[in-house]
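Notes for the one structure printed next.
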């Protein structure tokens with residue numbers, strides 16, 4: 001690597017809940033620098049969750065993220081002219097990143113409703129262990145399990 005690694009910045013909590021994870025999630029949802037719109041989407045989603053299941057939306061969000069975040073992932077590596085899919089354990093920040101990304105992608109793939117409603121439905125589904133984001137995690141884990149024989153190539 002050339003140069004120094006960029007320092008990790010501390011993210012301050014979001015305005016409503018003062019939670020750094022929710023602030024990061026808002027930043028992941030944000031498109032073209034429009035943070036106020038991303039906040040409206042996330043807070044609207046949390047209000048819908050609170051209405052529908054009468055629980056603290058932060059707990060539901062954390063449970064959904066814990067359910068969706070992967071433990072293993074596969075990366076390609078070239079060994080002696082052949083490409084192998086090698087399973088690796090996922091570190092903490094990347095687990096959070098992948099979990100958020102999969103939740104957002106799954107919510108965007110739902111059709112016919114405003115983003116806040118789609119996101120609320122996906123978060124509630126993920127907290128209950130179902131939905132497209134959970135399916136994505138299961139697919140990744142299945143691939144890692146199938147390629148466990150190549151784990152010895154990992155460094």
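The values are calculated or read from the model by the stated rules, or taken from the named source; none is laboratory data. Computed from a prediction, not measured in an experiment: that's the story for all the values here. Methodologically, a virtual Cβ is constructed for each residue, glycine included, from the backbone with ideal geometry; neighbour enumeration extends over all protein chains shown.
For segment 34-55, which positions are assigned to a loop (DSSP other than H, G, I, E, B) and either at pLDDT below 95 or closer than 13 Å to residue 122 by Cβ (or both)? Working first, answer last.
As a first pass, look at segment 34-55 and keep what is assigned to a loop (DSSP other than H, G, I, E, B): 34, 54-55.
Result: 54, 55.
For the structure I just gave you, tell me whether residue 63 is surrounded by 15 or more Cβ atoms within 10 Å (Cβ to Cβ), part of a strand (DSSP E or B) and either in contact (Cβ under 8 Å) with a residue 24 or more places away in the chain or in contact with a helix residue (DSSP H, G or I) (Cβ under 6 Å, 6 or more places away or on another chain) (or both). Break it down stepwise before answering.
Working: surrounded by 15 or more Cβ atoms within 10 Å (Cβ to Cβ): yes; part of a strand (DSSP E or B): no; either in contact (Cβ under 8 Å) with a residue 24 or more places away in the chain or in contact with a helix residue (DSSP H, G or I) (Cβ under 6 Å, 6 or more places away or on another chain) (or both): yes.
So residue 63 does not fit the description; no.
Looking at segment 125-155 only, could you name the residues that are in contact (Cβ under 8 Å) with a residue 40 or more places away in the chain, surrounded by fewer than 16 Cβ atoms within 10 Å (Cβ to Cβ) and under 16 Å from the mean Cα position of the chain (by Cα)?
Across segment 125-155, the qualifying residue is only 129.
For residues that are farther than 15 Å from residue 61 by Cα and in a helix (DSSP H, G or I), tally how many sit in segment 6-31.
Of the residues in segment 6-31, 1 are farther than 15 Å from residue 61 by Cα and in a helix (DSSP H, G or I).
Which one of these is surrounded by fewer than 19 Cβ atoms within 10 Å (Cβ to Cβ), in a helix (DSSP H, G or I) and either at positive phi or without any contact (Cβ under 8 Å) to a residue 60 or more places away in the chain (or both): 105, 122? If you could, list the steps in order and put the result at the bottom.
Working: 122 fails: surrounded by fewer than 19 Cβ atoms within 10 Å (Cβ to Cβ).
Sole residue among the options that is surrounded by fewer than 19 Cβ atoms within 10 Å (Cβ to Cβ), in a helix (DSSP H, G or I) and either at positive phi or without any contact (Cβ under 8 Å) to a residue 60 or more places away in the chain (or both): 105.
Any residue at all in segment 55-72 that's in contact with a strand residue (DSSP E or B) (Cβ under 8 Å, 6 or more places away or on another chain) and within 21 Å of residue 137 (Cβ to Cβ)?
Pass one, segment 55-72, residues in contact with a strand residue (DSSP E or B) (Cβ under 8 Å, 6 or more places away or on another chain): 71-72.
Filter once more, keeping what is within 21 Å of residue 137 (Cβ to Cβ): 71-72.
Within segment 55-72, one or more residues are in contact with a strand residue (DSSP E or B) (Cβ under 8 Å, 6 or more places away or on another chain) and within 21 Å of residue 137 (Cβ to Cβ).
Can you find, within segment 27-46, the residue that is nearest to residue 96 (Cα to Cα) among those that are surrounded by fewer than 18 Cβ atoms within 10 Å (Cβ to Cβ) and either in contact (Cβ under 8 Å) with a residue 12 or more places away in the chain or within 19 Å of the chain's Cα centre (by Cα) (or both)? Before the answer, list the steps.
Pass one, segment 27-46, residues surrounded by fewer than 18 Cβ atoms within 10 Å (Cβ to Cβ): 27-28, 30-37, 40, 44.
With either in contact (Cβ under 8 Å) with a residue 12 or more places away in the chain or within 19 Å of the chain's Cα centre (by Cα) (or both) added as a condition, the list becomes 27-28, 30-31, 35, 40, 44.
Working: 27: 13, 28: 11, 30: 16, 31: 19, 35: 20, 40: 21, 44: 22 Å.
Within segment 27-46, the match that is nearest to residue 96 (Cα to Cα) is 28.
Looking only at segment 142-149, decide whether some residue is closer than 30 Å to residue 8 by Cβ and touching a strand residue (DSSP E or B) at 6+ places or on another chain (Cβ under 9 Å). Don't jump to the end; show me each part of the working.
Here is the first cut: in segment 142-149, the residues closer than 30 Å to residue 8 by Cβ are 143-144.
Pick out the ones that are also touching a strand residue (DSSP E or B) at 6+ places or on another chain (Cβ under 9 Å) and you get 143-144.
Yes, segment 142-149 contains at least one residue that is closer than 30 Å to residue 8 by Cβ and touching a strand residue (DSSP E or B) at 6+ places or on another chain (Cβ under 9 Å).
May I ask you to verify whether residue 13 is surrounded by 11 or more Cβ atoms within 10 Å (Cβ to Cβ), in contact (Cβ under 8 Å) with a residue 60 or more places away in the chain, more than 27 Å from residue 141 (Cβ to Cβ) and in contact with a helix residue (DSSP H, G or I) (Cβ under 7 Å, 6 or more places away or on another chain)? Steps first, answer last, please.
Numbers: surrounded by 11 or more Cβ atoms within 10 Å (Cβ to Cβ): yes; in contact (Cβ under 8 Å) with a residue 60 or more places away in the chain: no; more than 27 Å from residue 141 (Cβ to Cβ): yes; in contact with a helix residue (DSSP H, G or I) (Cβ under 7 Å, 6 or more places away or on another chain): yes.
When the stated conditions are applied, residue 13 does not pass them.
Of the residues 116, 82, only one is within 14 Å of residue 42 (Cβ to Cβ) and modelled with pLDDT of 90 or more; which? Give the derivation first.
Working: 82 fails: within 14 Å of residue 42 (Cβ to Cβ).
Selected residue: 116, the only one of 116, 82 that is within 14 Å of residue 42 (Cβ to Cβ) and modelled with pLDDT of 90 or more.
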